[in-house]
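Trainee: One structure, as structure tokens, below. Some questions next.
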Amino acid sequence: MSDKQTYNRIPALRFPEFINDGEWEVKRLRDIVTIVEERCGSDRLNIGNYISTENMLQNLEGIKRASKIPMTGSFTLFKEGDVLFSNIRPYLKKVWQADFSGVASNDIIVFRAKEDFYKPFISHIIKSDSFIAYSMLGAKGVKMPRGDKNMMLDYSVLIPTFAEQQRIATCLSAVDELITAVSNKLEQLKAHKKGLMQQLFVPLNGGGDKSLIINELQTPIIRFPEFKNTKGWEVKKLGEIFDRLANRNKVNNQNVLTISAQHGLVSQYDYFNKNVAANDVTNYYLISRGDFAYNKSRSQGHPFGAIKALRKYETGIVSPLYICFRAKDDNCNVGFYEFYFDTDLINDEMGKIAQEGARNHGLLNISNDDFFNRINILTPSDSEQRKIADCLSSLDETIRLYNDKLTMLRHHKRGLMQQLFPQA
């Protein structure tokens with residue numbers, strides 16, 4: 001904003017006690033905050049309360065007390081109530097009002113509210129979409145662009161009375177607390193699911209001996225009551241459970257799919273906002289709902305590639321670099337194997353046959369024959385597969401509901417801020 005601009009200095013939504021208080025006052029950010037420059041070296045500090053950009057990336061709603069302070073370097077001292085602002089693109093959106101004192105890394109700007117202003121209110125200004133967008137305009141550098149501090153301090157803001165600052169901040173902080181509670185519950189549910197999967201599935205015991213005697217190593221730690229006295233899980237080759245699919249795209253299907261670790265098989269248009277496939281896709285594999293595809297490329301969380309089932313669409317096509325397969329038996333529970341492939345139980349088997357080509361940029365050399373004939377998994381009866389899949393699917397639905405609630409709350413807060421703060 002510039003001083004020559006005309007402002008609507010009254011918010012669209014105002015608490016009743018302030019309706020007659022008139023317009024908000026125009027100020028620069030430098031009028032309400034200082035940038036903390038108080039530095040210290042690691043040799044003067046004890047271990048604890050060190051905040052880096054990585055810490056700020058861990059949680060959008062708050063930061064856990066951090067890690068060991070690096071052995072060398074200088075750091076910015078911050079106090080409770082200061083606002084920490086990650087100053088490296090693309091992480092400029094990471095902002096946190098400190099609820100403890102500590103030291104911050106060099107890539108974090110520490111803003112401190114001046115005495116005449118309410119700290120939590122000022123933190124909401126710095127967290128606002130408009131300030132973050134403004135700070136990005138001044139980012140300089142090639143590999144790791146950083147925002148311009150002086151430019152940030154020139155940002156124009158509208159400020160109400162101290163009492164109205166308190167009232168607005170209290171309202172928004174209540175929404176923040178709800179967001180944090182839902183976010184924490186979501187993380188607890190995800191952790192619970194991960195732990196539950198480790199107990200519901202059986203690690204492979206020793207390889208391909210199909211005559212394993214029932215013992216605690218081939219039955220899960222947690223087993224549903226109706227299966228406690230049944231036989232243990234059976235070792236099978238992937239090729240005994242699935243058939244390879246190699247149907248070429250002769251029907252000119254244009255729904256090009258890619259594997260997302262979070263969303264499974266999704267359209268490239270949905271994932272990249274464009275089609276990144278070759279113009280000629282007649283050589284791609286055609287798959288249907290319930291079929292699996294294996295991407296042999298390493299990715300975060302998937303050191304031996306990811307296997308996903310097609311759920312979102314009736315049909316689609318994938319790169320011929322993928323290995324595609326379908327259950328031999330109609331009674332086979334696709335959901336069970338979706339969850340199985342999301343565990344790391346198959347990684348040891350994949351690791352035995354995987355070789356990475358020096359020029360393949362992370363693409364693993366796993367042949368179709370090795371994939372289907374050398375990879376072993378332990379599998380229960382159809383009824384136990386169904387029970388496990390139903391249990392985890394129910395948990396997934398709860399996770400989805402909390403995720404939707406978190407998204408809704410974030411949208412609600414964004415809309416609330418647009419009404420509680422005057423718009424230029």
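The values are calculated or read from the model by the stated rules, or taken from the named source; none is laboratory data. Computed from a predicted model, the values in this text were never measured in an experiment. Using ideal geometry, Cβ is built from the backbone for each residue, glycine included, and neighbour counts are taken over all protein chains shown. All accessible areas refer to the heavy atoms of the entire protein, side chains included, with ligands and DNA or RNA removed. Shrake-Rupley method; radii C 1.70, N 1.55, O 1.52, S 1.80 Å.
Trainee: Report yes if some residue within the range 149-157 is in contact with a Phe, Trp or Tyr (Cβ under 7 Å, 6 or more places away or on another chain), open to solvent by less than 30 Å² (accessible area, probe 1.4 Å), part of a helix (DSSP H, G or I) and at pLDDT below 95; otherwise report no. Let's see the steps before the verdict.
Mentor: Narrowing the range 149-157 to residues in contact with a Phe, Trp or Tyr (Cβ under 7 Å, 6 or more places away or on another chain): 155.
With open to solvent by less than 30 Å² (accessible area, probe 1.4 Å) added as a condition, the list becomes 155.
Add one more test, that the residue is part of a helix (DSSP H, G or I), and what stays is none.
There is no residue in the range 149-157 that is in contact with a Phe, Trp or Tyr (Cβ under 7 Å, 6 or more places away or on another chain), open to solvent by less than 30 Å² (accessible area, probe 1.4 Å), part of a helix (DSSP H, G or I) and at pLDDT below 95.
Trainee: Can Arg400 be described as surrounded by fewer than 16 Cβ atoms within 10 Å (Cβ to Cβ), at pLDDT below 95 and assigned to a helix (DSSP H, G or I)?
Mentor: Numbers: surrounded by fewer than 16 Cβ atoms within 10 Å (Cβ to Cβ): yes; at pLDDT below 95: no; assigned to a helix (DSSP H, G or I): yes.
When the stated conditions are applied, Arg400 does not pass them.
Trainee: Same structure again: Can you tell me how many residues within the range 83-111 are surrounded by fewer than 18 Cβ atoms within 10 Å (Cβ to Cβ) and over 15 Å from Asp148 (Cβ atoms)?
Mentor: 7
Trainee: Moving on. Tell me which residues, restricted to the range 199-246, are of a type in the set (A, V, I, L, M), at pLDDT 85 or above and open to solvent by 20 Å² or more (accessible area, probe 1.4 Å).
Mentor: Within the range 199-246, the first condition is being of a type in the set (A, V, I, L, M), and the residues that meet it are 200, 202, 204, 212-214, 217, 221-222, 235, 238, 241, 245-246.
Adding the requirement that they be at pLDDT 85 or above leaves 200, 221-222, 235, 238, 241, 245-246.
Answer for the range 199-246, where residues must be of a type in the set (A, V, I, L, M), at pLDDT 85 or above and open to solvent by 20 Å² or more (accessible area, probe 1.4 Å): Ile221, Ile222, Ala246.
Trainee: Could you identify the single residue in Ala181, Ala169 that is free of Cβ contacts under 8 Å to residues at least 60 places away in the same chain and surrounded by 15 or more Cβ atoms within 10 Å (Cβ to Cβ)?
Mentor: On the way: Ala181 fails: surrounded by 15 or more Cβ atoms within 10 Å (Cβ to Cβ).
Just one listed residue meets the conditions, Ala169.
Trainee: Within the range 26-42, take every residue that is over 15 Å from Tyr155 (Cβ atoms) and not in a loop (DSSP other than H, G, I, E, B) and give me the one that is most open to solvent (accessible area, probe 1.4 Å). Working first, answer last.
Mentor: So in the range 26-42, the residues over 15 Å from Tyr155 (Cβ atoms) come out as 36-42.
Filter again for not in a loop (DSSP other than H, G, I, E, B), leaving 39-42.
Values: Arg39: 93, Cys40: 7, Gly41: 17, Ser42: 20 Å².
Ranking the candidates gives Arg39 first.
Trainee: Would you please list the contacts, defined by Cβ atoms under 6 Å and residues six or more apart or on different chains, that run from a residue in the range 112-139 that is open to solvent by 10 Å² or more (accessible area, probe 1.4 Å) to a residue that is among the aromatic types (Phe, Trp, Tyr) and not in a helix (DSSP H, G or I)?
Mentor: Close Cβ pairs (under 6 Å, with a partner that is among the aromatic types (Phe, Trp, Tyr) and not in a helix (DSSP H, G or I)) amount to Tyr134/Tyr155.
Trainee: Out of the range 247-273, which residues are small (Gly, Ala, Ser) and over 16 Å from Tyr294 (Cβ atoms)?
Mentor: Taking the range 247-273 as the starting set, the residues that turn out to be small (Gly, Ala, Ser) are 260-261, 264, 267.
If the condition is that a residue be small (Gly, Ala, Ser) and over 16 Å from Tyr294 (Cβ atoms), then Ser267 is the only one that fits.
Trainee: Specify which of the listed residues (Ser74, Ser86, Ser130) is touching a strand residue (DSSP E or B) at 6+ places or on another chain (Cβ under 7 Å), within 29 Å of Lys405 (Cα to Cα) and modelled with pLDDT under 90. Full working, then the answer.
Mentor: Values: Ser74 fails: within 29 Å of Lys405 (Cα to Cα); Ser130 fails: touching a strand residue (DSSP E or B) at 6+ places or on another chain (Cβ under 7 Å).
Only one candidate passes the filter, namely Ser86.
Trainee: I would also like to ask the following. Only one of these conditions is not met by Asn283: (1) farther than 21 Å from Met350 by Cβ; (2) surrounded by 13 or more Cβ atoms within 10 Å (Cβ to Cβ). Which number is it?
Mentor: So the condition that Asn283 fails would be (2).
Trainee: Could you check the range 218-298 for strands (runs of 3 or more DSSP E) lying wholly inside it with 3 or more residues that are touching a strand residue (DSSP E or B) at 6+ places or on another chain (Cβ under 8 Å) and among the charged types (D, E, K, R)?
Mentor: Details: elements: 234-237, 242-245, 257-260, 264-267, 285-288, 292-295.
Counting at least 3 such residues, we get 234-237.
Trainee: Could you tell me which numbered condition Ala327 fails, if it satisfies all but one of (1) surrounded by 14 or more Cβ atoms within 10 Å (Cβ to Cβ); (2) within 26 Å of the chain's Cα centre (by Cα); (3) of a type in the set (A, V, I, L, M, F, W, C); (4) at pLDDT 90 or above?
Mentor: Condition not satisfied by Ala327: (2).
Trainee: If you don't mind, there's one more thing I want to ask. Somewhere in the range 375-387, is a residue touching a residue at least 12 places away in the same chain (Cβ under 8 Å), open to solvent by less than 10 Å² (accessible area, probe 1.4 Å), assigned to a helix (DSSP H, G or I) and farther than 19 Å from Arg244 by Cα?
Mentor: Checked the range 375-387: at least one residue is touching a residue at least 12 places away in the same chain (Cβ under 8 Å), open to solvent by less than 10 Å² (accessible area, probe 1.4 Å), assigned to a helix (DSSP H, G or I) and farther than 19 Å from Arg244 by Cα.
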